[in-house]
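Worksheet: one structure, shown below.
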Amino acid sequence: MSELPLDPALTTGREADREAVGVPELHEVGCPDELREEIERLVGLYPDRHSASIPALWAVQERYGWCAPEGIRQAAAVMRVTPAYLEGVATFYDMLHTEPVGSHKVLVCTNISCWMAGGDGLLDAFRAAAEGEDVYVSGFECLGACDIAPMASIDGRYFGPLGDTDAATAIEQIVADHEVLPDKSLLRRPLAGDSGAESRPHPAPPDAGASERDRR
Amino acid sequence: MSETRMLLANAEDPELRTLEGYRRHGGYASMEKAYGEMEPDEVLSELENSGLRGRGGAGFSMGKKASFLPRGDMDKYLCCNADESEPGAFKDRELMQRNPHQLIEGIAIAALAADAGRAFIFIRGEYATQADILDAAVAEAYEAGYLGDGILGTHRRLELVVHRGAGAYICGEETALLDALEGKRGNPRLKPPFPAVQGLYGGPTLINNVETLSNVPHIVGKGAEWFRGFGTEQSPGTKVVSVSGCVTRPGNFEVELGIPTRELICDLAGGPPAGREVKAFYPGGSSAPVLTAEEGLDLPYSFEDMAAAGSMLGSGSIIVADDTVSIPHMALRTARFYHHESCGKCTPCREGTNWTVKMLDRVVRGEATPMDLDIVASVQENIIGHCLCVLGDSMAMPIGSMVRKFREEFEEVIAAAGPDTETERLNVVRAPAETLGAST
């Protein structure tokens, strides 16, 4: 039996040609001034600078559309932590994207109450309507708005209850940069027990067999 | 039956969101009383005497929790848990959106009782609208001298930061919340030490839910005795209950604890659509064992009665399933949530949620045998109590209850739903990669 060359990484846990990346220096990363100032402001809110990691990653995502590696390096340089530290944080959270996504984000709830009201079909409708557009559509776990099931979060704002035709309308409005579904905005909704609140027939439940096809 | 609105009083007024509007309805009077006329110990004993129980899920006495914080000069912290992520729960969203200053006032008073100089509101990242509203309200409160240095002319200081999470159910677990707030991945910590002794940045920390803290101004303003006039002996006060699922008027209803559950579901929330019947419901969010209509509808809605029935009031979130809902499919939907949200730190939860999803998936695809139901049930037993936090238990309890109470329905689904086509059979083979991988 011939001997294969053994990868040193297997025995030592280190790759010979790769050095561990330390804390990058600010002058190495080309951090835009506004981003640096924002992250410095965030760091100043906490007794320990590490606490600013999620807010800093939000700032990176706001600037680049996702947590791009160069953005993470910039944030790491300002925060004086390693990029790996911030990557570790970013990968833990569903809303921080470590891959490029569309400029607009639609999250459709497919959890229990929304599923009962047709959330899976709504997700399909959004996916179909967003085909070819610069809009990221994803199923999501409970968004905390079961009162407006089925619902979606569109660029961070909540809308519901949505019918399948609302999906196409919303995507058109998003792409045209118009106000999205003004009548369906959660903010305009009265309390359920108040006058002005309407009762509505609960939609027929999803077909049991079709409902468990994967949606995410 | 009508609501008893204390926390949601005047919530229909859009101006309530502003400092001026809140003050017009009597806001910040309790804080002025607490900071001006009361000693911190008096505030603490008022909270203890009120019997207020935590509204986040565990139902532990809020005053007692605050009294666990040691005295001394060390830095102490208060964290408001606004990471409401339990399926079925949306009450904190309503409270923050409609009345942010009530929460800020509650935080300021609780911070006085706990002698905390820094407070954080950890709000889930999805609640961007509510976080914006809170940010604006916090800025107003600083401006008006309710926060910052020398509050209301005293020597006291309180800094309050609204900290947005980024999408992780586990961060609602109090020690995971602390890790997330310290800038780490949100993994739970081993307890003890409890946060009251060693919490945020190693300092004593009081962690309370949004609704719990929103009760504080009312208790301090009108007194513990007055507060005890609402609700039951063991569950004083009102509760904002989120009702959703198969009801015609889903939403948040504020009621006195102890009202018949049927009134909440069938009167206030409108009940199921005509011609359909309540089959089962989760009385306290998706983590609560389900109750059948016969078991649960006529029980008083209180912490003690739900516990006696083998379930829990939890966060006060009712999800109703009517007779058209397939319980096995609902079980799969529930298990998937916990599988997705398990942080992966403890084996019983990480593996248990994974295998439960796989087995329930087989059940609804007709690939399972009735023996598999026993395995599903035994997996649940092997999760409960064996992890650092209760996320795994939160799946095990409802799934266990569904298999136990609706076993015949599971067996029918197994018998009836055999895969019809080659494609579906292939889907079963593909399931681990496509349907079970990290999603969203």
* Asked: Given the structure, is B:Glu412 modelled with pLDDT under 95, in a helix (DSSP H, G or I), out of contact with any strand residue (DSSP E or B) (no Cβ under 6 Å at 6 or more places or on another chain) and at the interface with another protein chain (Cβ under 10 Å from one of its Cβ atoms)?
  -> no
* Residues of the range B:94-118 being closer than 17 Å to B:Asn215 by Cβ and within 12 Å of chain A (Cβ to nearest Cβ), which ones? -> B:Glu94, B:Leu95, B:Met96, B:Arg98, B:Asn99
* State whether the residues of the range A:72-82 include one that is free of Cβ contacts under 8 Å to residues at least 40 places away in the same chain and within 13 Å of another protein chain (Cβ to nearest Cβ). => no
* Structure fact -> (1) within 21 Å of A:Cys109 (Cβ to Cβ); (2) surrounded by fewer than 19 Cβ atoms within 10 Å (Cβ to Cβ); (3) touching a strand residue (DSSP E or B) at 6+ places or on another chain (Cβ under 9 Å) all hold for B:Thr248 apart from (3)
* Asked: Counting only residues that are touching a residue at least 12 places away in the same chain (Cβ under 8 Å) and either assigned by TED's automatic domain parsing to the domain that holds B:Ser315 or more than 21 Å from the chain's Cα centre (by Cα) (or both), which one in the range B:191-210 is surrounded by the fewest Cβ atoms within 10 Å (Cβ to Cβ)?
  -> B:Val197
* Does the range B:150-167 include one or more residues that are among the hydroxyl-bearing types (Ser, Thr, Tyr), under 26 Å from B:Gln198 (Cα atoms) and more than 14 Å from every other protein chain (Cβ to nearest Cβ)? -> no
* Condition test on B:Ala9, is it within 30 Å of B:Gly251 (Cα to Cα), small (Gly, Ala, Ser) and within 14 Å of chain A (Cβ to nearest Cβ)? -> yes
* Asked: Is at least one residue of the range B:111-123 over 25 Å from B:Cys387 (Cβ atoms), surrounded by 24 or more Cβ atoms within 10 Å (Cβ to Cβ), in contact with a strand residue (DSSP E or B) (Cβ under 8 Å, 6 or more places away or on another chain) and of a type in the set (Phe, Trp, Tyr)?
  -> yes
* To do: Report whether or not B:Arg156 is more than 21 Å from A:Asp48 (Cβ to Cβ) and charged (D, E, K, R).
  => yes
* Only one of (1) away from every other protein chain (no Cβ under 11 Å); (2) buried (at least 24 other Cβ atoms within 10 Å of the Cβ) is not met by A:Leu86, so which one is it? -> (1)
* Structure fact -> Checked the range B:181-190 for anything more than 14 Å from B:Leu391 (Cβ to Cβ), surrounded by 20 or more Cβ atoms within 10 Å (Cβ to Cβ) and of a type outside the set (D, E, K, R); matches are B:Leu181, B:Gly183
* Structure fact -> If we ask which residues in the range B:299-324 are within 14 Å of chain A (Cβ to nearest Cβ), at negative phi and surrounded by 24 or more Cβ atoms within 10 Å (Cβ to Cβ), their number turns out to be 6
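Going residue by residue through the range B:70-91, is there one that turns out to be in contact (Cβ under 8 Å) with a residue 12 or more places away in the chain and part of a helix (DSSP H, G or I)?
Yes, the range B:70-91 contains a residue that is in contact (Cβ under 8 Å) with a residue 12 or more places away in the chain and part of a helix (DSSP H, G or I).
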* To do: Looking only at the range A:129-136, decide whether some residue is assigned to a helix (DSSP H, G or I), in the same structural domain as A:Leu187 (by TED's automatic domain parsing) and surrounded by fewer than 24 Cβ atoms within 10 Å (Cβ to Cβ).
  => yes
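Can you name every residue in the range B:135-173 that is in a loop (DSSP other than H, G, I, E, B), exposed (fewer than 15 other Cβ atoms within 10 Å of the Cβ) and touching a helix residue (DSSP H, G or I) at 6+ places or on another chain (Cβ under 9 Å)? I'd like the intermediate steps shown before the answer.
Initially, the range B:135-173 is screened for residues in a loop (DSSP other than H, G, I, E, B), giving B:144-147, B:149-150, B:154-157, B:165-168, B:173.
Okay, now just the ones that are also exposed (fewer than 15 other Cβ atoms within 10 Å of the Cβ), so B:145, B:149-150, B:154-155, B:157.
Residues satisfying the conditions are B:Gly145, B:Thr154, B:Arg157.
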* Pairs where the first residue, in the range B:237-253, is at the interface with chain A (Cβ under 7 Å from one of its Cβ atoms) and in a loop (DSSP other than H, G, I, E, B) and the second is of a type in the set (S, T, N, Q) and surrounded by fewer than 24 Cβ atoms within 10 Å (Cβ to Cβ), C-beta under 8 Å, 6+ apart -> B:Cys246/B:Thr324; B:Thr248/A:Ser199; B:Arg249/A:Ser199
* Could you grab me the full set of residues in the range B:102-137 that are over 22 Å from B:Arg156 (Cα atoms) and aromatic (Phe, Trp, Tyr)? => B:Phe122, B:Tyr127
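The values are calculated or read from the model by the stated rules, or taken from the named source; none is laboratory data. Keep in mind it's a predicted model, so treat the numbers as computed, not measured. Note that each Cβ is placed from the backbone with ideal geometry, even for glycine, and that neighbours are counted across all protein chains shown.
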